[in-house]
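Single-structure report; data block below.
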Amino acid sequence: METKSELDQSAGEGKSIGQNMAWYSIGSVTYLACQWFLSVVVTRLSSGFDDAGALALAMAIGNIFTPLAYYNTRTYQVSDLKGEYSNAQYVAFRILTTVIAFIGCVIYAAATAGSALLPVIAFLVYKVFVVIIDILHGVDQQHSRLDYAGVSLILQGITSLGAFSLVFWLSQSLTAAVNAMTLTAAAILFLFDCRMAGRLDDIVPKITALMAGRLAKVCLPAVVAAVLCSAVVTVARQFLYSMEGEASLGSYASVATLAVIVQMAASYIYNPLLRTFAALVLEKKGREMLGMIAKVCIAVLVITGIVSILFLLFGEWGLKLLFGEKIVPYVGLLQPMLLCTAATAYVWFFMDLLIVLRKMKEVLIGNLIAFVAVLPLSHWLILACGANGVSFAAAIAYVLGCIFMVACTIAAIKRECDLA
């Protein structure tokens, strides 16, 4: 049997970039698929779309909570090659931001969620554990051990879907089903992630008020930007909710979860590379970095094209298989959603690149452009195109913000790496 010191030594042996990408991709795909099936389960086991609409609203408000709680420290953490902060400080700071974000989003939900308030709050509690697990995955990534993160994501996905499905089937209570997911996430946090990350570094939370204030200040523009970015889709969906009701949002969200594959696939490609991008900037290898950025952008285009063809060939069949005949009238939502998720993928990619480059103000301005644009676009395009207006409005808004961030990224790389 291996001793603790031998286990710790083994834990410190990093995996290759390819191995890390593979583990992270497998784990993330598993988790995404299981989270997506939550909407399938609700739609299949309910007589209408009301529960699906309530879950969609909970997820939408969760999309506001998540960037607030993340405070974009994961990207800052994994690109922190100079050791500005310790992992114990990053963990402590994440707990602090999570508590503050939870309080704020509960207040927001109380004002906007109406009859869906209880499942929304339950979902926010679930996300608390997911968000804290994420910062421990940052520790894994710093030490090139994304195999730990991959296993965690697989466990989270399978157990959350199983618990949710069983409890919802037995109780027909959305709130109870989400609470069951929360119990599985808490178990994985304490029994797996804390144990694995603790082998790699000191993760016992500790931070002074001074250091917390410094980290809060440096990441503030990026976290406001992330909230604005997530709010683009949330605002568009809430326009749909207010204009056409829960059932319309529920049907939109049921179909939308299928299109998210492009956005998530892009994150699986570039997330394991963020530390590499930081190293290239430090070594002033600007041309190599621009080449890698171009490859990621092309990969997203290729994935979008492949998924679009698959949707054309099998989209209706797949949705009918998952949701039944009642979803057939909404098949036309797929392709516009795909356009929207592709635009979202590019926005998040260039946001993370600018954070690696420590260009926080540019991240904020780019997302402010997108947020301001989506407000009138949502109203106009939902009136003109129905539920598809959500996708069109968000896609156009994201493209406008992304154009600005691409220009800033190229300029920053040229400046930091002394390129002519």
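The values are calculated or read from the model by the stated rules, or taken from the named source; none is laboratory data. Just so it is clear, the model here is predicted, and its values are computed rather than measured. Don't worry about glycine lacking a Cβ; one is built from the backbone with ideal geometry, like all the others, and counts go over all protein chains shown. When the accessible area is computed, the model is the full protein with side chains, heavy atoms only, and any ligands, DNA or RNA have been set aside. Shrake-Rupley method; radii C 1.70, N 1.55, O 1.52, S 1.80 Å.
Six or more apart or on different chains, Cβ under 9 Å: which pairs go from a residue in the stretch 58-72 that's not acidic (Asp, Glu) to one that's not in a helix (DSSP H, G or I)? Could you list them?
Close Cβ pairs satisfying both conditions: 58/113; 61/113.
When residue 184 is evaluated against the numbered criteria (1) open to solvent by less than 40 Å² (accessible area, probe 1.4 Å); (2) at pLDDT below 95; (3) assigned to a helix (DSSP H, G or I), which criterion, by number, is the only one it fails?
(2)
Which residue, of 236, 247, is within 20 Å of residue 61 (Cβ to Cβ) and at pLDDT 85 or above?
That would be 236, the only listed residue that is within 20 Å of residue 61 (Cβ to Cβ) and at pLDDT 85 or above.
Report yes if residue 101 is closer than 20 Å to residue 209 by Cβ and assigned to a helix (DSSP H, G or I), otherwise no.
Yes; evaluated as a whole, the condition is true for this residue.
Mind checking which residues of the stretch 300-336 are open to solvent by 90 Å² or more (accessible area, probe 1.4 Å) and within 18 Å of residue 262 (Cβ to Cβ)?
Answer for the stretch 300-336, where residues must be open to solvent by 90 Å² or more (accessible area, probe 1.4 Å) and within 18 Å of residue 262 (Cβ to Cβ): 301, 306, 309, 312, 313, 314.
Here is a list: 64, 95. Which entry is in a helix (DSSP H, G or I), more than 22 Å from residue 240 (Cα to Cα) and either touching a His at 6+ places or on another chain (Cβ under 7 Å) or open to solvent by 10 Å² or more (accessible area, probe 1.4 Å) (or both)?
95
Among the listed residues 273, 210, identify the single one that is at pLDDT 90 or above, part of a helix (DSSP H, G or I) and out of contact with any Gly (no Cβ under 9 Å at 6 or more places or on another chain).
On inspection, the qualifying residue turns out to be 210.
Search the stretch 104-117 for residues being open to solvent by 50 Å² or more (accessible area, probe 1.4 Å) and touching a residue at least 60 places away in the same chain (Cβ under 8 Å), and hand back the single one that is nearest to residue 211 (Cα to Cα).
112
Of the conditions (1) open to solvent by 20 Å² or more (accessible area, probe 1.4 Å); (2) closer than 17 Å to residue 140 by Cβ; (3) of a type outside the set (Val, Ile, Thr), residue 59 clears all except one; give me its number.
(2)
Which of the residues that make up the stretch 293-325 are out of contact with any helix residue (DSSP H, G or I) (no Cβ under 8 Å at 6 or more places or on another chain) and either of a type in the set (Lys, Arg) or within 18 Å of residue 250 (Cα to Cα) (or both)?
295, 321, 325
Taking interchain pairs and intrachain pairs at least six residues apart, which have beta carbon atoms under 9 angstrom, with the first residue in the stretch 288-301 and over 12 Å from residue 270 (Cβ atoms) and in a helix (DSSP H, G or I) and the second open to solvent by 50 Å² or more (accessible area, probe 1.4 Å) and not hydrophobic (A, V, I, L, M, F, W, C)?
Pairs that qualify, where the first residue is over 12 Å from residue 270 (Cβ atoms) and in a helix (DSSP H, G or I) and the partner is open to solvent by 50 Å² or more (accessible area, probe 1.4 Å) and not hydrophobic (A, V, I, L, M, F, W, C), are 290/414.
Starting from residues that are open to solvent by 30 Å² or more (accessible area, probe 1.4 Å), touching a residue at least 12 places away in the same chain (Cβ under 8 Å) and under 23 Å from the mean Cα position of the chain (by Cα), keep the ones in the stretch 373-417 and report whichever is nearest to residue 278 (Cα to Cα).
Taking the candidates together, the pick is 406.
Which condition number in (1) touching a Ser or Thr at 6+ places or on another chain (Cβ under 7 Å); (2) open to solvent by 40 Å² or more (accessible area, probe 1.4 Å); (3) small (Gly, Ala, Ser) is the one that residue 247 fails?
If we test residue 247 against (1) touching a Ser or Thr at 6+ places or on another chain (Cβ under 7 Å); (2) open to solvent by 40 Å² or more (accessible area, probe 1.4 Å); (3) small (Gly, Ala, Ser), just (1) comes out false.
Only one of 306, 327 is in contact (Cβ under 8 Å) with a residue 60 or more places away in the chain and more than 16 Å from residue 412 (Cβ to Cβ). Can you tell me which?
Result: 327 is the single residue among 306, 327 that is in contact (Cβ under 8 Å) with a residue 60 or more places away in the chain and more than 16 Å from residue 412 (Cβ to Cβ).
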